[in-house]
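The values are calculated or read from the model by the stated rules, or taken from the named source; none is laboratory data. As the structure is a computational prediction, the values presented were derived from the model and not from experiment. No Cβ is skipped: glycine too gets one built from the backbone with ideal geometry, and neighbour counts run over all protein chains shown.
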Amino acid sequence: MAKVAFIGLGVMGFPMAGHLKTKGGHDVTVYNRTAAKAAAWAEKFAGKAAPTPAQAADGCDFVFVCVGNDDDLRQVTTGEDGVLKTMKPGSVLIDNTTASAEVARELYAAARAKGVDFIDAPVSGGQAGAENGVLTVMCGGDEAVFEKARPVIDAYARMVGLMGPAGSGQLTKMMNQICIAGIVQGLAEAVHFGKRAGLDIEKVVDVISKGAAGSWQMENRHKTMNQGKYDFGFAVDWMRKDLGIVLAEAQRNGARLPLTALVDQFYGDVQALGGNRWDTSSLLARLEK
Ligand SMILES: NC(=O)c1ccc[n+]([C@@H]2O[C@H](COP(=O)([O-])OP(=O)(O)OC[C@H]3O[C@@H](n4cnc5c(N)ncnc54)[C@H](OP(=O)(O)O)[C@@H]3O)[C@@H](O)[C@H]2O)c1
């Protein structure tokens, strides 16, 4: 059993922190900006809540963070009441936020300056993956630190991998999002075409999902797309944040991402339709408007 803090109890963080307590059996203290959520978590999981990130992290062996973007992450780590203020030498800071590789390297250096270790560890698997404790976790950092952190991370994960030095977890998540952008646009166009052609979408997917066109998106989203329902997970606003990170990194490393840039603009169209909180399969709504 380790002493653990979890900062950020959103859609993802709330259940992840829960698994650290129930499945991992750790002594967990949480912090959330909106204190009511932290109180609700502490009641549900018989854990503790602290009023600041620094107080939550005080004396902990592992500190997890899952907030929104780079700036949010800086606030709760290197900010005034951030966790690095109190984390002890030899402890490990694990960041589950989807953020830039740049901020990961920056936090790695800030942590090391205090004798603290850092792993960037963005996740994939969505709300359902977090609730069921079966996330995929893509890590960047030092191998010995990763080996120390892995058994703790296992509480909310099905797959945990070390991809390389600091920032490599975030770069891996970027590849993940590049794949998703193209796959969802292809699926949206196929469903759109099928409807225009008068095909029975369910029947078609039953057949083609077993062949080379099959994908997680097809299996899990074709039904709701066909019904014009877009309330099933990862929101368009988050996807645009992620694609913004991807495109900025591509500017730096010279990668050419024409399709990703185009799909990012398509998600901008979805936002203009009022779809900020719709799930990513809503690219179809844009074609059908
Ligand atoms: N949702 C998904 O399916 C999914 C899947 C994979 C990865 N992710 C990534 O995981 C991260 C969290 O996603 P989520 O869906 O859990 O988001 P969310 O439900 O919006 O939760 C965000 C959390 O961060 C906290 N927060 C934001 N800015 C903060 C700040 N400046 N200071 C302190 N706390 C702050 C929020 O506090 P309040 O409660 O006070 O607002 C909340 O607890 C994001 O980077 C997202 O891209 C999400």
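Miscellaneous remarks
- For segment 29-79, filtering for residues that are over 20 Å from Val92 (Cβ atoms) and among the basic types (Lys, Arg) leaves 3.
- Meets criteria (of a type in the set (Gly, Ala, Ser) and either assigned to a strand (DSSP E or B) or not assigned by TED's automatic domain parsing to the domain that holds Thr98 (or both)) for Gly182: yes
- Search result, residues across segment 208-250 that are modelled with pLDDT under 95, aromatic (Phe, Trp, Tyr) and in contact with a strand residue (DSSP E or B) (Cβ under 8 Å, 6 or more places away or on another chain): Phe232, Phe234
- Within segment 7-30, the residues that satisfy the criterion of being small (Gly, Ala, Ser), within 16 Å of the chain's Cα centre (by Cα) and part of a helix (DSSP H, G or I) are Gly13, Ala17.
- Filter result (among the aliphatic types (A, V, I, L, M) and out of contact with any helix residue (DSSP H, G or I) (no Cβ under 6 Å at 6 or more places or on another chain)) within segment 113-167: Ala113, Val116, Val123, Ala128, Val134, Ala144, Val145, Ala149, Val152, Ile153, Ala157, Met159
- Checked against (1) within 11 Å of the ligand (Cβ to nearest atom); (2) under 20 Å from Gln170 (Cα atoms); (3) aliphatic (A, V, I, L, M), Ala17 passes all but condition (2).
- Qualifying residue in segment 230-253 (condition: more than 24 Å from the chain's Cα centre (by Cα) and among the small types (Gly, Ala, Ser)): no
- Across segment 20-38, the number of residues qualifying as farther than 15 Å from Ala130 by Cβ, more than 13 Å from the ligand (Cβ to nearest atom) and not β-branched (Val, Ile, Thr) comes to 3.
- Members of segment 250-278 found to be within 16 Å of the ligand (Cβ to nearest atom), buried (at least 19 other Cβ atoms within 10 Å of the Cβ) and more than 21 Å from Met175 (Cβ to Cβ), listed by number: Gly275, Trp278
- Scanning segment 94-128 for residues that are more than 16 Å from Leu171 (Cβ to Cβ) and either modelled with pLDDT under 95 or in a loop (DSSP other than H, G, I, E, B) (or both) yields Ala113, Lys114, Gly115, Val116, Gly125, Gly126, Gln127, Ala128.
- Odd one out for Gly211 among (1) in contact with a Ser or Thr (Cβ under 9 Å, 6 or more places away or on another chain); (2) assigned by TED's automatic domain parsing to the domain that holds Phe232: (1)
- The criterion of being within 13 Å of the ligand (Cβ to nearest atom) and within 19 Å of the chain's Cα centre (by Cα) holds for Ala99.
- Just one of (1) touching a residue at least 60 places away in the same chain (Cβ under 8 Å); (2) buried (at least 21 other Cβ atoms within 10 Å of the Cβ) fails for Val205. It is (1).
- The lone exception for Met218 - which of (1) touching a residue at least 40 places away in the same chain (Cβ under 8 Å); (2) not in a loop (DSSP other than H, G, I, E, B) it fails: (1)
- Some residue of segment 39-62 being within 7 Å of the ligand (Cβ to nearest atom), in contact (Cβ under 8 Å) with a residue 12 or more places away in the chain and either part of a helix (DSSP H, G or I) or surrounded by 24 or more Cβ atoms within 10 Å (Cβ to Cβ) (or both): no
- You will find that of Leu247, Leu243, the residue that is touching a helix residue (DSSP H, G or I) at 6+ places or on another chain (Cβ under 9 Å), more than 14 Å from the ligand (Cβ to nearest atom) and over 21 Å from His192 (Cα atoms) is Leu247 and no other.
- Scanning segment 186-194 for residues that are charged (D, E, K, R), in contact with a Pro (Cβ under 8 Å, 6 or more places away or on another chain) and part of a helix (DSSP H, G or I) turns up nothing.
- Evaluation of Gly194 against (1) surrounded by 17 or more Cβ atoms within 10 Å (Cβ to Cβ); (2) in contact with an Asp or Glu (Cβ under 8 Å, 6 or more places away or on another chain); (3) not hydrophobic (A, V, I, L, M, F, W, C) (one fails), failing number: (2)
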